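Readers should treat all values here as calculations from the given coordinates under stated rules, not as data from a laboratory. The structure displayed is predicted, hence computed values, not measured ones. Note that each Cβ is placed from the backbone with ideal geometry, even for glycine, and that neighbours are counted across all protein chains shown.
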Amino acid sequence: MKMRIAVLFSGGKDSIRTVHYFLEKGYDVKYLVTMISRREDSWMFHVPNIRLTELSAEAIGIPLISKETSGKKEEEVEDLKEVLKVLDVDAVACGGIFSEYQKTRFEKICRELRIKLLAPFWHTNPEKFLKDTIDLGFDVMIVGVYAEGFDESWLGRKIDQKTLEGLKELNREFSINLIGEGGEYESLVVDGPIFKKKIKILDSEKIWDKKTQSGYLKIKKAVLEEK
């Protein structure tokens with residue numbers, strides 16, 4: 001019998017790669033789980049364009065379970081637990097690579113619910129992860145930048161080999177995490193090998209804060225398009 005799993009899902013590269021990984025391995029990916037934070041500074045969950053996970057889940061063809069969370073430290077962990085405890089799954093999967101803060105809290109939830117935590121990319125080499133993402137054919141956009149070295153021109157940029165080289169330069173100069181797991185940048189996947197349809201962005205706006213030199217790409221309208 002296939003292991004039934006729920007994948008913690010943001011629509012970004014890490015969670016999409018996690019879905020892809022388990023589908024390729026033959027697991028029964030029953031649900032995608034999205035937590036929608038009421039705060040922009042959630043400790044646990046992705047924020048920019050998070051409501052687009054409805055389109056992402058439809059494009060992939062897996063049911064989405066979503067719930068709002070306070071976004072307050074530790075309270076949001078309990079909010080996630082409340083969602084997971086009613087799901088008929090054997091394990092929860094996350095796309096975390098280095099965040100001990102997130103992983104320890106996911107482990108605690110899973111222990112209490114007596115299910116497994118799966119983290120297939122834990123401590124994966126960041127450059128290899130990005131290169132594999134490109135080589136597998138995922139179409140990934142950078143939709144938020146929050147660290148020194150980035151500027152407004154990064155918003156909407158596709159993660160391809162040229163962008164990877166640019167990220168490596170920022171890593172050398174400013175020590176940013178290549179995969180953005182320290183919150184340096186956020187991503188959105190609009191197409192890939194597990195997508196039955198692709199996401200087409202029809203209207204967007206760059207929201208930029210000159211004081212903090214950070215911002216995000218606000219997607220105002222998007223639709224699914226046949227491939």
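DSSP bridge analysis restricted to the chain gives an antiparallel fraction near 55%, rounded to the nearest 5.
Per-residue packing, averaged as other Cβ atoms within 10 Å, sorts the ranges 96-108, 176-188, 143-155 into the order 176-188, 143-155, 96-108, beginning with the highest. Treating each Cα of region 4-118 as one equal point scatterer and applying the Debye formula with no solvent, the log10 of I(q)/I(0) at q = 0.12, 0.16 Å⁻¹ comes out as -0.36, -0.67.
Maximal additional length on extending the L113-K210 stretch stands at 30.5 nm, based on 0.36 nm per residue less the C-alpha distance.
Listed peptides 18-26, 119-127 appear in the order 18-26, 119-127 once ranked by packing, highest mean of other Cβ atoms within 10 Å at the front.
Amide H contacts of G192 (H built 1.01 Å from N, in plane; Pro and chain starts excluded): D139 sit under 5 Å, all sequence-distant by 5 or more or on other chains. Considering every alpha-carbon pair of region 60-162, the percent of pairs per 5 Å bin, from zero through the bin containing the longest distance, is 2, 10, 15, 17, 19, 17, 14, 6, 2, 0.
Modelled label positions at F174 and E24, each set 7 Å beyond Cα in the direction of Cβ, lie 3.1 nm from each other.
Cα centroids of region 190-214 and region 85-154: 19 Å apart. Stokes-Einstein diffusion for the chain at 20 °C, viscosity 1.002 mPa s, with a Kirkwood radius from C-alpha pairs, works out to 120 µm²/s. Rounded, prolate or oblate: which one fits region 119-227, using the alpha carbon gyration tensor with axes a ≥ b ≥ c (rounded when a/c is under 1.5, else prolate when a/b beats b/c, else oblate)? Here region 119-227 falls in the oblate category.
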